[in-house]
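Have a look at the structure below, then the notes.
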Amino acid sequence: MNFDVGGPSYLSSSSSSDDDNFLSNIITEIDETEEVICEYINNNMIIVNNLRQQNYQPIHGGSIPGHAVINRDRENAHQNLVIDYFADNPHFGEDMFRRRYRMSRSLFLRIVDAVKDHDYYFQQRSDGLGRMGLSPLQKVTAVFRMLAYGLPADATDEYVKIGESTAIESMTKFCRAMVEIFAERYLRTPNANDIARLLYISKKHGFPGMLGSLDCMHWKWKNCPTAWSGQYTGRSGSPTIILEAVADYDLWIWHAYFGMPGTNNDINVLESSNLFSNLAQGIAPPAHYVIQGKEYNMGYYLADGIYPKWATIVQTIQQPQGRKKKYFAMKQEACRKDVERAFGVLQSRFAIVAGSARFWKKHVLHDIMTACIIMHNMIIEDERDLYAPIQEVREAPTPEVDMVADETTRFTQFITRYGKIKDKDAHIALRNALIDHLWEEYTNSDS
């Protein structure tokens, strides 16, 4: 039997050829796709290289684009700072330290220790590589350079070796820490012993019952937001923030109220402040004194002519007629200069208050002003002898306040005390008594 193998052989050959063609087509397509992908990658690499040559960096998270890391050598800067000011035998003595830090070295170190213990930010720490960070002396010194000389934040980099953003952060945290630590002591209202001391000194100056001088100061706000500039721009033509203060004979600031817009006058600020709140509530320490045989139980403040005629404020006489009134006006204006001198000393010690405020947020400005006043009082306490001028003053008793359960009765008493504070007739009677008292003292004196 003969078999025809031509058919099966033909069919087998045709099937194999089709498979080969199919595989060949697939391989060709893959090769073409690879060529396209490679060409795409090469084109994009050319674009990326061109962008890199143009110093362009794509937006990404993490580090700031274009930010240059500067090796400031903060360790040697700390050593130089210690050698210059804080060594046993520093290059610059106590006088130079007092001039540049506005206070004694012991007081400055006391502040640094208190701030360091209060806020972890001011403690020296090491980074992930074990390198020590900025020391408390560097951070606080940078803050004092800005406060004392009014320098911008980046001007502290050359000596202290601290960046601009770190200097600003140190400023805000330092002022906040100063308020939290020292405000209760150095911005307190006068206690019974303070009142006794003030009354003793005021009597020697010819004004029995005087607790200090009252006035306002404006601080220019350079970076005031445009939306607020209208309400903060007063007669000076620039946005300002008002500070109301009471200062005594040695320039201690007993009362500081800061934050009112510059369009307000002194009367608006007085109405808004809490100067007489304790007196109206009946919790103020007693202030007993005698003028021309009449007893008084409310102290008063010397002020200029814009203030209202209240029983707790004694103004000068605008156009005095007669020798008695002229002498009173001269003495009143001389003693009232205490608060003006306090403003001048505050601005000379801390030039940031004398210049324009460059911060944006009001609460930061409030902390800066409050911290400057606190340090101003700390310097006065550090440099004066509290007990030298007074030897015969005994501590006054603490006022006893009757706790009345009836709310109506308490409110009635509050209104009565508030009315006594704003009594115009009592103001005129007190001023007339002071006029006669000063004239009798002048005519009986050797001068």
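Residues checked against (1) over 15 Å from ARG102 (Cα atoms); (2) assigned to a helix (DSSP H, G or I); (3) not assigned by TED's automatic domain parsing to the domain that holds ILE253:
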site: MET330; (1), (2), (3): yes, yes, no
site: ILE352; (1), (2), (3): no, yes, no
site: PHE359; (1), (2), (3): yes, no, no
site: ALA371; (1), (2), (3): no, yes, no
Selection from region 298-328 of residues that are outside any strand (DSSP E or B), over 17 Å from SER277 (Cα atoms) and small (Gly, Ala, Ser): GLY305, GLY322
Test set (1) under 17 Å from GLY209 (Cβ atoms); (2) out of contact with any strand residue (DSSP E or B) (no Cβ under 9 Å at 6 or more places or on another chain); (3) assigned to a loop (DSSP other than H, G, I, E, B) - ASN278 fails condition number: (3)
message: Can you say whether ASN274 is farther than 23 Å from ALA342 by Cα, loosely packed, with under 14 Cβ neighbours inside 10 Å and out of contact with any helix residue (DSSP H, G or I) (no Cβ under 7 Å at 6 or more places or on another chain), as far as the supplied structure shows?
response: no
- request: Could you please let me know if MET178 is surrounded by 15 or more Cβ atoms within 10 Å (Cβ to Cβ) and outside the structural domain of LEU365 (by TED's automatic domain parsing)?
  value: yes
message: Between a residue in region 240-252 that is without any contact (Cβ under 8 Å) to a residue 24 or more places away in the chain and crowded, with 21+ Cβ neighbours inside 10 Å and any residue that is part of a strand (DSSP E or B) and not aliphatic (A, V, I, L, M), which pairs come within a Cβ distance under 9 Å, given they are 6 or more apart or on different chains?
response: THR240/HIS218; THR240/TRP219; THR240/LYS220; THR240/TRP221; THR240/THR233; THR240/PRO261
message: Here is a check on your reading of the model: is LEU147 more than 16 Å from TYR85 (Cα to Cα) and part of a loop (DSSP other than H, G, I, E, B)?
response: no
query: Of the residues that sit in region 296-337 and are exposed (fewer than 14 other Cβ atoms within 10 Å of the Cβ) and among the polar types (S, T, N, Q), which one is nearest to ARG197 (Cα to Cα)?
result: ASN297
- prompt: Which pairs do you get when a residue that is farther than 15 Å from GLN79 by Cβ, found in region 126-142, comes within reach of a residue that is among the polar types (S, T, N, Q) and outside any loop (DSSP other than H, G, I, E, B), reach meaning Cβ atoms under 6 angstrom, with the pair 6+ apart or on two chains?
  reply: LYS139/SER170; ALA142/THR156; ALA142/SER170
statement: How many residues of region 418-433 are in a helix (DSSP H, G or I) and either touching a residue at least 40 places away in the same chain (Cβ under 8 Å) or basic (Lys, Arg) (or both)? The answer is 10
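If we keep just the residues of region 259-271 that are in a helix (DSSP H, G or I) and hydrophobic (A, V, I, L, M, F, W, C), which is surrounded by the most Cβ atoms within 10 Å (Cβ to Cβ)?
Step by step, filter region 259-271, then rank; the result is LEU270.
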query: Only one residue in ARG131, ARG110, ARG176 is touching a helix residue (DSSP H, G or I) at 6+ places or on another chain (Cβ under 7 Å) and of a type in the set (Lys, Arg), so which one is that?
result: ARG176
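The values are calculated or read from the model by the stated rules, or taken from the named source; none is laboratory data. Here the structure is a predicted model, which is why all the values come from computation and not from measurement. Methodologically, a virtual Cβ is constructed for each residue, glycine included, from the backbone with ideal geometry; neighbour enumeration extends over all protein chains shown.
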